[in-house]
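The values are calculated or read from the model by the stated rules, or taken from the named source; none is laboratory data. On a predicted model such as this, the values are computed, not experimentally measured, just so you know. A quick note on method: Cβ atoms are made from the backbone with ideal geometry, for glycine too, and the neighbour counts reach across all protein chains shown.
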Amino acid sequence: MESIFEQQVWEALERVPKGKVTTYGRLAAAIGHPRAARAVGRELHKNSNAACNSIRKEKMLPCHRVVCKNGNLGGYLGGVRKKRTFLKYEDVPICNNRVSSSSIIDLNASSA
């Protein structure tokens, strides 16, 4: 059974559109916990739905669309190489393992 925090993370994650990314911090802020970036990262890593290998409510979870605040790809349960491949497939610009700042969205602004 998921905690309220876990549910909020997954629901916010589902709002990140194809071709865009958000940061762990922005995802945390979007669910009302602006200082919980590390907790969001841990949740994405530990949850059995992580790594886009599982389905939640019959939807693929775009865990690969969450990056570090400096644009660095960060970690990924399936490996950073796989994360980079998914992002490139979605036309997210990547240079030196960092996404372009123009691809990083604020979930609070995009959901308004």
Going through the stretch 79-111 one residue at a time, which ones are farther than 12 Å from His64 by Cβ, in contact with a Gly (Cβ under 8 Å, 6 or more places away or on another chain) and among the hydrophobic types (A, V, I, L, M, F, W, C)? Ile104
For the subset of the stretch 24-48 comprising residues that are touching an Asp or Glu at 6+ places or on another chain (Cβ under 9 Å) and within 23 Å of Lys82 (Cα to Cα), which member is modelled with the highest pLDDT? Arg26
List pairs: first residue in the stretch 83-102 and in contact (Cβ under 8 Å) with a residue 12 or more places away in the chain and farther than 12 Å from Gly19 by Cα, second residue of a type outside the set (Gly, Ala, Ser) and part of a helix (DSSP H, G or I) anywhere in the structure, Cβ distance under 6 angstrom, at least six positions apart or on different chains. Lys83/His64
Breaking point among (1) of a type outside the set (S, T, N, Q); (2) out of contact with any strand residue (DSSP E or B) (no Cβ under 7 Å at 6 or more places or on another chain); (3) at pLDDT 95 or above, for Val21: (2)
Being among the small types (Gly, Ala, Ser) and crowded, with 20+ Cβ neighbours inside 10 Å is the filter here, so list the residues in the stretch 7-28 that pass it. Ala12, Ala28
